[in-house]
Amino acid sequence: MVLPVSHSGSMVSVQLKPTFKCLILDRDGVIIRDVDHLTKIEQVEILPGAADRIAAVNLMGIPVVVATNQSIVGRGMCTNEDVQAVNTYIATELAKMGAFIDFFVWCPHTPEDNCYCRKPKPGLLYRIANKLKLDLRECLMIGDAVTDKKAAIACRCPFVMVGKGGLAEWDLSTGKTRDR
Ligand SMILES: [Zn+2]
């Protein structure tokens, strides 16, 4: 990206041009801290910086959607309604910080179910694309796992990998991750 320079030679503010039509985020490890078997809202901890990144994308008028594997449903540890309650709680907490999630999609199946929606399969991403009538090649996915990356590759969706810091590692101005 070329930064515009004013006549005085100093930097002027950069108006970011959206380079993607939808931001698709993994949930656990990207927006909230990844804990084993998260079934209750008391276990939710929004990662620092996540709300800021989402809010910035909101300001560009780009939808932000979450795609998450929740095999805890298939394993009988909680219900789809429990997952929905956790998602609603996350959305509410983010909204308090000015960040808005358009909707969540999740896979409730276990690996043994061999479904088409559990990442690394791309079914969840296609569900998003169908709902928003978007081409996944023009979207952006951010995840913290190889399974996220494989799902994105399977449908040619551009992908950014983040580490332990989650979404805060994503630098919106460069589109890449810091310190990597
Ligand atoms: Zn599934």
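Every number here is computed from the coordinates shown, using simple stated rules; none is lab data. If you're wondering where the values come from, they're calculated on a predicted model, not measured in any experiment. Please note: Cβ atoms are built from the backbone with ideal geometry, for glycine as well, and neighbour counts cover all protein chains shown.
If you filter segment 102-138 down to residues that are of a type in the set (Asp, Glu) and under 19 Å from SER71 (Cα atoms), you find that the one that is farthest from the ligand (Cβ to nearest atom) is GLU112. Annotation note: Cβ proximity below 7 Å between a residue of segment 60-72 that is over 17 Å from LEU132 (Cα atoms) and a residue that is more than 11 Å from the ligand (Cβ to nearest atom) and part of a helix (DSSP H, G or I) (sequence gap 6+ or interchain) occurs for GLN70/VAL83. What do you reckon, is VAL66 within 16 Å of the ligand (Cβ to nearest atom), out of contact with any Ser or Thr (no Cβ under 9 Å at 6 or more places or on another chain) and of a type in the set (A, V, I, L, M)? Yes.
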